[in-house]
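J.: My structure is below; once you've seen it, I'll send some questions.
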Amino acid sequence: MNRFCLAFVALSFVTSTAAAQSLADVARQEQARRKAIKTPSRVYTDADLRRLPLPGPVTATAPQVTVPAAAGEQTRDLAQPAATVVKAPAEQEPERDEAWWRTRMTEARAKLDQSKFLCDAIQSRINALTNDWSAADDPIHRAALAADRDKALGELERLQKDVTTQTKAVADIEEEARLAGVPPGWLR
């Protein structure tokens with residue numbers, strides 16, 4: 001048993017030493033790679049993307065087919081429709097795929113969570129102001145604390161309305177997705 005423990009300790013020491021050496025080698029290689037880079041990489045942000053023009057609609061070109069004209073008619077190219085209506089990029093709706101639904105639901109839930117968090121924070125502030133008010137002896141200080149508490153109560157009421165509105169928005173998105181036949185997994 002004693003030999004087994006000694007062998008285990010020796011093996012773990014050798015393994016940890018080998019791993020440390022390979023990690024140091026990797027760090028040296030990465031440092032050399034970073035020094036070899038002449039120009040830094042470009043990081044694109046949303047602001048960069050907003051400055052770029054939107055791409056136009058993609059249209060496929062059909063092969064040139066000409067229909068022979070009957071007596072008294074002009075020849076017509078079948079590849080060209082009589083009238084084509086193409087929506088401008090601003091008028092086109094985004095593709096409602098899984099990413100679109102997931103993003104929409106994630107944003108709605110994030111707003112709801114933020115409002116709930118702010119409600120909890122304001123409630124804590126109200127509780128602290130109430131405790132300070134009850135412990136204060138100076139009437140001027142008590143009046144200032146009461147005014148601050150009243151402001152916080154007004155803010156809490158506004159935030160509770162936001163929570164109600166955003167809860168309804170999340171439920172509306174879920175109902176819209178259900179009516180559109182979206183799989184429930186897309187909304188998680």
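Here, each number is a calculation from the coordinates, and none is a lab measurement. Everything quoted here is computed from the prediction, not taken from an experiment. Quick reminder, even Gly has a Cβ in these numbers, built from the backbone with ideal geometry, and neighbours come from all protein chains shown.
J.: For LEU179 and LYS161 in one chain, what is 0.36 nm times their gap in residues minus the Cα-Cα distance, to one decimal in nm?
T.: 3.8 nm
J.: Which order do ARG149, ARG96, ARG50, ARG178 fall in if you start with the one that has the fewest other Cβ atoms within 10 Å?
T.: Placing the least packed residue first, the sequence is ARG50, ARG178, ARG96, ARG149.
J.: Using the 10 angstrom Cβ neighbour count as an exposure proxy, how do VAL43, VAL182, VAL26 rank, fewest first?
T.: Final ranking by Cβ density, sparse to dense: VAL43, VAL26, VAL182.
J.: Can you put LEU129, LEU23 in order, fewest other beta carbons within 10 Å first?
T.: LEU23, LEU129
J.: Could I ask something else about it? Between GLU98 and LEU23, how many nm apart are label points set 7 Å from Cα along the C-beta direction?
T.: 3.6
J.: Tell me the net charge near ARG28. Cut-off is 14 Å between Cβ atoms, ARG28 excluded, with +1 for each Lys or Arg and -1 for each Asp or Glu.
T.: With Lys, Arg at +1 and Asp, Glu at -1, the net is +1.
J.: Dipole magnitude of the stretch 98-182 about its Cα centre, charges +1 at Lys/Arg Cβ and -1 at Asp/Glu Cβ only, in debye to the nearest 20?
T.: 160
J.: Please give me the summed charge of the neighbours of ILE140: other residues whose Cβ is under 14 Å from its Cβ, Lys and Arg +1, Asp and Glu -1.
T.: Residues near ILE140 contribute -3 overall.
J.: I would also like to ask the following. Which order do the peptides 136-146, 27-37 come out in when sorted by mean C-beta neighbours inside 10 angstrom, highest first?
T.: 136-146, 27-37
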